[in-house]
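Reading through the structure tokens given below for one structure.
The values are calculated or read from the model by the stated rules, or taken from the named source; none is laboratory data. What you are looking at is a predicted structure, and each value in this text was computed from that prediction instead of being measured. As a convention, Cβ positions derive from the backbone with ideal geometry for all residues, glycine included, and neighbour counts pool all protein chains shown.
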Amino acid sequence: CAMQDFGEGYDVSSYEQTDLILGSDLIYNEIGATCLPRIVKQLLTLMMPRFSAVNRCLVRSISPYFLYAHTFHRYDLLDERFLQECEQIGLVVQEVADAVTWQLVPVNEVFCEEIFPEKRIAILHISLETANCNKECCVE
């Protein structure tokens, strides 16, 4: 397990040897809500060559992904913008419903309905749209 640091002179080609990206509570303004998905997509794309030799239809978990701990309802408008941006650029965002079985479910969050909504921590599994194969070989 190696940790990557974004410092001056950082070599992004090292992401070809990375399995996953971890992050927590990274969205605090509009720039974060729109730029984070773009950065994640770029990093996941850089990671794909390592997985291209393996048939992604066999095991969904072998594709690179971003595991992101996020607090919903801290900033509803930014949460909504983040999810829209992810969808718009081809990222699939699913919530880890059960950490033991690794069950992934769609994010079903409703925003801006309450003045003081209760904050909720969620673990999000974010992957490239192309990594979620929908060919006949993947149908369960």
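Quick look at the numbers
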quantity: Residue list for segment 1-42, restricted to those being modelled with pLDDT of 90 or more and hydrophobic (A, V, I, L, M, F, W, C); calculated: L22, L26, I27, I31, A33, C35, L36, I39, V40
quantity: Any pair with Cβ under 7 angstrom, 6 or more apart, that starts in segment 94-113 at a residue that is under 17 Å from Y68 (Cβ atoms) and ends at one that is polar (S, T, N, Q) and at pLDDT 90 or above; calculated: A97/Q103; L104/Q94; V105/Q94; P106/Q94; V107/Q94
